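This report refers to the structure that appears directly beneath it.
The values are calculated or read from the model by the stated rules, or taken from the named source; none is laboratory data. None of the values given here were measured: they were computed from a predicted structure. Methodologically, a virtual Cβ is constructed for each residue, glycine included, from the backbone with ideal geometry; neighbour enumeration extends over all protein chains shown. When the accessible area is computed, the model is the full protein with side chains, heavy atoms only, and any ligands, DNA or RNA have been set aside. Shrake-Rupley method; radii C 1.70, N 1.55, O 1.52, S 1.80 Å.
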Protein chains: 2
Amino acid sequence: MAFSKKEEFTKEDMRLADIAKALAHPARIRILKILNSMNSCMVGNIVEQLPLSQSTVSQHLKELKRVGLIEGEIDGPKVCYCINNKTLAKAKKEMDKLYSIICNC
Amino acid sequence: MAFSKKEEFTKEDMRLADIAKALAHPARIRILKILNSMNSCMVGNIVEQLPLSQSTVSQHLKELKRVGLIEGEIDGPKVCYCINNKTLAKAKKEMDKLYSIICNC
DNA sequence: ATATTATATCGTATATTTTCGATGAACGAT
DNA sequence: ATCGTTCATCGAAAATATACGATATAATAT
């Protein structure tokens, strides 16, 4: 965004927006679902299941890693990704709090 | 995104990503909080509370309206916005379902 | 040592988002 | 009828996101 004004908001609102941003692409939603459904979680396996190139998938993994929702562990020439349940649980809690603030239901 | 591939994902994943996208900016998080905290919800009141120009705020309102999280009602020369609790509750339910799928917690 | 495999990163093209000021449209008041 | 108020939209600029192929890196296998 042109001369981004994001720093003028609260840390809490920025964190919520950042978590939401990480989820704001169907490929990343799909990746999270795949990671939870499979025992194995090598990049190659993920790429196979997405209609995207390896480099693009790598970028989506990077974005999920950036906010801490997933972690990658190097395993020889491969990298094994998995969901960071702790961060994810925390993210869910933060989102729940938001909904409790904004939703009369 | 260059020649977007989003249509190659499921409707569910795209909807989840779309909801997340609407929340993926601190200004929009803030707007939802403001709308819930105030009885009055004219655009002017919202603009006052954000470090953004009127036209920029109008665009953020448009994005929230696009996914159905808020509604605007014309009231003379003013427009009164409010949260669409039905859509918001549905969005929360969809997000909860996602978390239940991807989170071991 | 070299080749193979797996993944990340770079460079680049295109699309989208964010922002603003200016303008337009709709309404109420004078 | 004109003026001020309120808000949406337009046009433009800059930033960010998405995507790909090519290349780099790192580990294993030969």
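Looking only at residues in segment B:10-40 that are open to solvent by 20 Å² or more (accessible area, probe 1.4 Å) and within 13 Å of DNA strand D (Cβ to nearest atom), the one that is nearest to A:Met14 (Cα to Cα) is B:His25. The set of residues in segment A:5-53 being assigned to a helix (DSSP H, G or I) and of a type in the set (Val, Ile, Thr) consists of A:Ile19, A:Ile29, A:Ile31, A:Ile34, A:Val43, A:Ile46, A:Val47. Residues that are touching a helix residue (DSSP H, G or I) at 6+ places or on another chain (Cβ under 6 Å) and either without any contact (Cβ under 8 Å) to a residue 40 or more places away in the chain or near DNA strand D (Cβ under 8 Å from one of its atoms) (or both) within segment B:53-76 comprise B:Gln54, B:Val57, B:His60, B:Gly68, B:Ile70, listed in sequence order.
For segment A:59-71, the criterion of being within 14 Å of DNA strand C (Cβ to nearest atom), in a loop (DSSP other than H, G, I, E, B) and surrounded by fewer than 17 Cβ atoms within 10 Å (Cβ to Cβ) is satisfied by no residue at all. When segment A:41-56 is limited to residues that are more than 18 Å from A:Asp75 (Cβ to Cβ) and more than 8 Å from every other protein chain (Cβ to nearest Cβ), the one that is least open to solvent (accessible area, probe 1.4 Å) turns out to be A:Leu50.
Is it the case that segment B:77-87 has a residue that's open to solvent by 50 Å² or more (accessible area, probe 1.4 Å), over 18 Å from A:Tyr99 (Cα atoms) and within 8 Å of DNA strand D (Cβ to nearest atom)? So far as segment B:77-87 goes, yes, one or more of its residues are open to solvent by 50 Å² or more (accessible area, probe 1.4 Å), over 18 Å from A:Tyr99 (Cα atoms) and within 8 Å of DNA strand D (Cβ to nearest atom). Which residues, counting only those in segment B:72-91, are under 11 Å from the mean Cα position of the chain (by Cα) and polar (S, T, N, Q)? B:Asn84, B:Thr87 - these are the residues of segment B:72-91 that are under 11 Å from the mean Cα position of the chain (by Cα) and polar (S, T, N, Q). Is there a residue being more than 10 Å from DNA strand C (Cβ to nearest atom) and part of a loop (DSSP other than H, G, I, E, B) anywhere in segment B:74-86? Yes, segment B:74-86 has at least one match. Has segment A:43-54 got at least one residue that is under 15 Å from the mean Cα position of the chain (by Cα) and among the hydroxyl-bearing types (Ser, Thr, Tyr)? There is no residue in segment A:43-54 that is under 15 Å from the mean Cα position of the chain (by Cα) and among the hydroxyl-bearing types (Ser, Thr, Tyr).
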